[in-house]
Structure formats: C-alpha cells, structure tokens
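Notes for the one structure printed next.
The values are calculated or read from the model by the stated rules, or taken from the named source; none is laboratory data. Bear in mind the structure is a predicted one, so any value in this text is a computation, not a measurement. In this analysis, Cβ positions are derived from the backbone assuming ideal geometry, glycine residues included, and neighbour counts consider all displayed protein chains. When the accessible area is computed, the model is the full protein with side chains, heavy atoms only, and any ligands, DNA or RNA have been set aside. Shrake-Rupley method; radii C 1.70, N 1.55, O 1.52, S 1.80 Å.
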Amino acid sequence: RELHLPIPQLFSVTSRVSWLIQMHLLVLLVMSAIIAILLGGQAHYYPLYAVMLVTALAGFFNLVCFSLLRRHTLPESAVILAILGFDVIIITIFVHFTGGLISLFNLAYFLIIVAGSIFISYRAGVGLALGSFLAFAVIVLLEFYDVVARYPLFDVSRRLPHDHIYVYLTVYLSGLLFYTIALLAGQVGKILTRTQATMSYVEKMTALGRL
C-alpha cells in the first residue's frame, strides 16, 4: 500500500508551487475582505482602494512567477522565494493601513516564514524572518515618528501607550518571535524531507520486490 503525505503533492515541483499560490491568494482575498469590512464605515476610503490594488498586483505577480516556473525560466526555489518575498511587502502594506503596531495582520508574517522554512529551507525561513522584521520595524518606526500617516481602525488604538519603550520593545520581541517561528518551522521541514525520502525508499523497495 502506497504512503502519501497529508499535504497534497508537497514535494512535487509544479503542484507544490501551484498549491502554495492558491492557498496564499485565498489568504490575501480573505484579508482584503476583512479590511473592506473594517474600513467600510470609515471616513477615509484611500486605504481600502490601496489594499485592493495591492491585492490585485499580488495576484498578477504570482501568476507571472508560476508562468516562469512552468517554462523552466527560473528554478523552483527562486520562484517560491520571490513570491514569499513579495508577500512580505504586501503584508507590510496591509499592516500599515490597519493599525500598524497593533494590527492583527502582523500574524500573517508567521505564515510567510513558515512557508519559506518548509517549502525552501531553514535558511530561507530565517531570511524571510529577517526581512519581515526589518519591514515591520521600518513601517512601525515611520508611523511612530510621523514620517508616514497612521491609519488606526478603532479609537482604542489612539489611547494605547505608544511611547519609545513600548514601541521598541514590541519591535524587538517581534524579531525574536519571527526567528523562533523560522527555527521551529525549519525543523518541521527537515522532518518532512526525511519522511519523503523514507517513503521514496520504501516505494522503490516494494517495486523491486514485485519484480
């Protein structure tokens, strides 16, 4: 009896990228819908239009990357890394328009880091964690020092203690959490890789036994 991983075609080149694109585009659409609902009653509609435009660009970019993969123009790891790297920018824009430091969409960075660690490598996950940390830190500090406008969704965000200690400590702890997530996901990726290798070996031995 053949064994299969619970994630569909995880270690197949084209199907793996296709599955990744479908899942993360679904996440982007859900996030955009949530933002549309939250901003529906706001006086400023510019953030809503910006988020919708960014979501459309993300979808187009993913289709281009998938097309390049199908034509064997770029290697699989480069395509996945390009998609996830672009996602870091997309999520940072979402975070900016939904409260910045206290945005719930900060959790989306975790998905990017986990995907990089599992689908590519531990080093890729760490690199994405570093990129996520830098992007998050930059947008939070730009908002804190009023270099860019703030877009708080709720009045409670205006009453939070946004002092220097609070902001810098939150950014620092976020960096540590990003790295921890990359480390744990990297270990999961190694386990899945060893599992796949073992399954392939068992299937080969089974095929030889039938000869």
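Yes/no matrix, rows are residues, columns are (1) closer than 27 Å to GLN187 by Cβ; (2) open to solvent by less than 50 Å² (accessible area, probe 1.4 Å):
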| residue | (1), (2) |
| --- | --- |
| SER67 | no, yes |
| ARG70 | no, no |
| ALA78 | yes, yes |
| GLY99 | no, yes |
| LEU111 | yes, no |
| SER121 | yes, yes |
>> Given (1) in contact with a helix residue (DSSP H, G or I) (Cβ under 7 Å, 6 or more places away or on another chain); (2) surrounded by fewer than 22 Cβ atoms within 10 Å (Cβ to Cβ), identify the lone condition not met by ILE83.
In response: (2)
>> Looking at the structure I just gave you, is TYR168 closer than 21 Å to GLU143 by Cα and at pLDDT 85 or above?
In response: yes
